[in-house]
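*Asks:* Pasting a structure here, questions to come.
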């Protein structure tokens, strides 16, 4: 079986990357996409995908909408905050990734 999609694993960690961007301050989806794109690793993720992930994380209780709304170019911009459950989930996922990497390296 050939694995043609080289970014499949990266896409699997997109929710973790989105949560990471929210650890220190609230952000809106486009800002998150730019932050990841401008990172050292140049992670290409479009804002539409980020908003889909944010909606899913919101449904699961890992993020919430900030009550403060920014108005930019006559449009309301929704910022998102990571919740306590989101912090716990993020830490759990990072611990699991570290465990998996340790297993692979030790083979």
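Values in this text are rule-based calculations from the coordinates and carry no lab data. Quantities reported herein were computed from a predicted structural model and do not represent experimental measurements. Methodologically, a virtual Cβ is constructed for each residue, glycine included, from the backbone with ideal geometry; neighbour enumeration extends over all protein chains shown.
*Asks:* If one takes the longest principal axis of the Cα atoms in the chain, at what angle in degrees, from 0 to 90 and to the nearest 10, does the Cα axis of helix 84-105 lie?
*Replies:* 20
*Asks:* Considering only 76, 47, 33, give the residue with the highest GNM mean-square fluctuation for the chain, with springs between Cα atoms whenever their separation is below 10 Å.
*Replies:* Of 76, 47, 33, the Gaussian network model singles out 76 as fluctuating most.
*Asks:* Output the peptides 98-104, 58-64 sorted from most to least packed, where packing is the average of other Cβ atoms within 10 Å over each peptide's residues.
*Replies:* The packing order, highest mean first, is 58-64, 98-104.
*Asks:* Sticking with this structure for a sec: Could you work out which residue, out of 68, 91, 27, moves most in a Gaussian network model of the chain, that is, has the largest mean-square fluctuation with Cα springs under 10 Å?
*Replies:* Between 68, 91, 27, it is 68 that shows the largest mean-square fluctuation.
*Asks:* Let me ask another. Quick one: order 105, 13, 72 by neighbouring beta-carbon count within 10 Å, fewest to most.
*Replies:* 105, 72, 13
*Asks:* For the Cα atoms of the chain, what angle does the longest principal axis make with the long axis of helix 47-59, in degrees from 0 to 90, nearest 10?
*Replies:* The answer is roughly 90 degrees.
*Asks:* A further question follows. What relative contact order, as a whole-number percentage, does the range 8-105 give when Cα pairs under 8 Å and 6 or more residues apart are counted?
*Replies:* Averaging sequence separation for qualifying contacts and normalising by length gives 29 percent for the range 8-105.
*Asks:* Given a cut-off of under 8 Å on Cα pairs at least six residues apart, what relative contact order in percent is computed for the range 49-107?
*Replies:* Rounded, it is 26 percent for the range 49-107.
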